[in-house]
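The structure appears right after this line, and notes come after that.
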Amino acid sequence: MSIESPGNQRTGGAEPLMPAFVHEADSLGADILSVAVIGPEQQGRKAVAKAVVSFHAGPVREFSSYPELDDLPKLLKSEFDVIIVELDTNPEHALDLVELICGQVSATIMVYSAHTDSELLVRCMRAGAREFLTQPIASSTIAEAMVRASVRRPARRPAKQAEAKLLMFIGAKGGAGVSTLAANFAVALSQGSHQRTALLDLNLPLGNTAIDLGLTAPLSAVDALRNLERLDSHFLSTVMVKHSSGLSVLAAPDQYSPLDIRDDSIEKLVNVVRQDFDYVVVDAGAGIGLVGRALLSSATTVYLVLQVSLAELRNANRIVREYFQSGTPQLEIVLNRFNPRAVEIDEEAITKALTVPAKWRVPSDYVAVRKAQNLASPIVLESSPISQAIRQMAGGAPGYSPTVEAKKKKFSIFGLT
């Protein structure tokens with residue numbers, strides 16, 4: 001008998017169900033699996049849970065409401081082997097839930113409904129559900145589905161990978177140099193850390209990081225966003241291209257491609273990328289637009305890029321006051337194309353306008369930047385004050401550790417160099 005927690009209606013928390021009777025799991029070909037049953041409709045949820053318990057010896061938990069999408073990570077921490085979701089109360093929310101769960105865990109996702117709708121069945125399969133159970137559900141149907149889930153489960157759970165650090169570049173104004181900085185920062189980070197690093201050009205629809213890096217990308221971020229139901233590590237590998245530095249790049253489209261994007265689409269794309277990389281660098285364009293809002297709460301560090309002018313200082317001030325008063329995520333101000341001799345606004349006035357001190361200053365060198373862009377070669381591959389400044393920024397990334405090879409270069413037969 002389940003004991004539901006009335007004080008946690010958002011997640012529908014519940015105590016494990018005690019099985020009424022237990023089968024020998026091995027004789028039925030199924031291992032002990034942990035099972036979650038999510039369903040706002042009480043009678044149907046309890047019927048499903050009872051059917052699972054009657055066959056299965058593992059722990060079963062009921063959730064009396066759909067978790068909000070923001071609360072999903074809390075649910076997934078329990079590492080259920082099987083998650084069974086009711087469709088009928090709110091089919092659209094349930095499908096979104098199934099799709100997000102499938103993108104983040106290897107559990108077997110099943111759905112149940114009182115209706116046999118072929119279109120709904122197809123949508124469930126596209127979202128990633130492995131079983132479609134029609135009510136009333138026979139015990140034999142549950143038994144067969146659980147056996148298949150047992151076969152799908154890995155012999156041992158893979159060790160959890162630390163979540164990738166998400167580093168987002170935004171501009172206080174268009175033309176601040178965000179794309180150039182983001183691309184070169186990502187190259188420097190990939191080379192300097194030898195960690196798996198990805199660059200996502202989400203300055204849609206007109207991003208140009210692929211051009212700056214001399215890459216040809218047959219597919220783009222738009223292709224990934226239009227195929228969210230297929231988006232996994234394998235599909236991701238087909239839409240990203242590799243730079244000689246080791247950096248993986250998800251480019252913006254070559255042609256103008258208007259796209260109606262939702263916040264949760266951006267989140268899902270980035271969540272999938274974070275599963276395969278140690279660092280994810282995002283070019284989010286100017287201002288806190290759709291991409292910025294979608295990723296702000298999950299970003300590790302945000303680099304706010306601006307030039308020293310009244311317009312950009314004013315914009316930066318508004319962004320800082322609106323989004324960064326809490327101290328999370330970490331904010332680092334980057335003064336780009338900075339020439340202290342030509343700046344008419346002194347350091348004290350800049351800090352006062354921004355309300356926080358600038359951390360990085362990238363010097364102005366129009367000739368070096370234009371040459372690199374015309375040659376489609378990263379600035380950081382050449383020796384210049386700009387490349388040095390960007391490499392220092394990359395070296396300051398959270399968790400950055402120089403490669404073993406780089407450390408060895410600091411020693412000689414005479415000691416430290």
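Among 60, 111, 82, 48, which is the only one that is touching a residue at least 60 places away in the same chain (Cβ under 8 Å), touching a Leu at 6+ places or on another chain (Cβ under 6 Å), hydrophobic (A, V, I, L, M, F, W, C) and within 15 Å of residue 38 (Cα to Cα)?
On the way: 60 fails: touching a residue at least 60 places away in the same chain (Cβ under 8 Å); 111 fails: touching a residue at least 60 places away in the same chain (Cβ under 8 Å); 48 fails: touching a Leu at 6+ places or on another chain (Cβ under 6 Å).
Sole residue among the options that is touching a residue at least 60 places away in the same chain (Cβ under 8 Å), touching a Leu at 6+ places or on another chain (Cβ under 6 Å), hydrophobic (A, V, I, L, M, F, W, C) and within 15 Å of residue 38 (Cα to Cα): 82.
Taking residue 198 as meeting all but one of (1) under 17 Å from residue 274 (Cα atoms); (2) assigned to a helix (DSSP H, G or I); (3) not aromatic (Phe, Trp, Tyr), write down the number of the exception.
(2)
State the number of residues belonging to region 249-294 that are of a type in the set (S, T, N, Q) and under 15 Å from the mean Cα position of the chain (by Cα).
Going through region 249-294, the residues of a type in the set (S, T, N, Q) turn out to be 255, 257, 265, 271, 275.
Filter again for under 15 Å from the mean Cα position of the chain (by Cα), leaving 265, 271, 275.
Number satisfying all stated conditions: 3.
Can you tell me which residue in region 269-311 is nearest to residue 170 (Cα to Cα), limited to those that are charged (D, E, K, R) and surrounded by fewer than 21 Cβ atoms within 10 Å (Cβ to Cβ)? Don't jump to the end; show me each part of the working.
Initially, region 269-311 is screened for residues charged (D, E, K, R), giving 274, 276, 278, 283, 293.
Remaining after also requiring surrounded by fewer than 21 Cβ atoms within 10 Å (Cβ to Cβ): 274, 276, 278, 293.
Values: 274: 19, 276: 23, 278: 20, 293: 11 Å.
Checked region 269-311; the qualifying residue nearest to residue 170 (Cα to Cα) is 293.
For region 326-354, give me each residue that is modelled with pLDDT of 90 or more and either among the β-branched types (Val, Ile, Thr) or under 23 Å from the mean Cα position of the chain (by Cα) (or both).
If the condition is that a residue be modelled with pLDDT of 90 or more and either among the β-branched types (Val, Ile, Thr) or under 23 Å from the mean Cα position of the chain (by Cα) (or both), then 330, 331, 332, 333, 334, 350, 351 are the ones that fit.
Only one of (1) buried (at least 16 other Cβ atoms within 10 Å of the Cβ); (2) modelled with pLDDT of 85 or more fails for residue 368. Which number is that?
(2)
Which one is surrounded by the most Cβ atoms within 10 Å (Cβ to Cβ) among residues in region 71-92 that are under 18 Å from residue 106 (Cβ atoms) and modelled with pLDDT of 90 or more?
Checked region 71-92; the qualifying residue surrounded by the most Cβ atoms within 10 Å (Cβ to Cβ) is 84.
The values are calculated or read from the model by the stated rules, or taken from the named source; none is laboratory data. Being a predicted model, the structure only gives us computed values, none of them experimental. Positions of Cβ are backbone-derived with ideal geometry, glycine not excepted, and every protein chain shown enters the neighbour counts.
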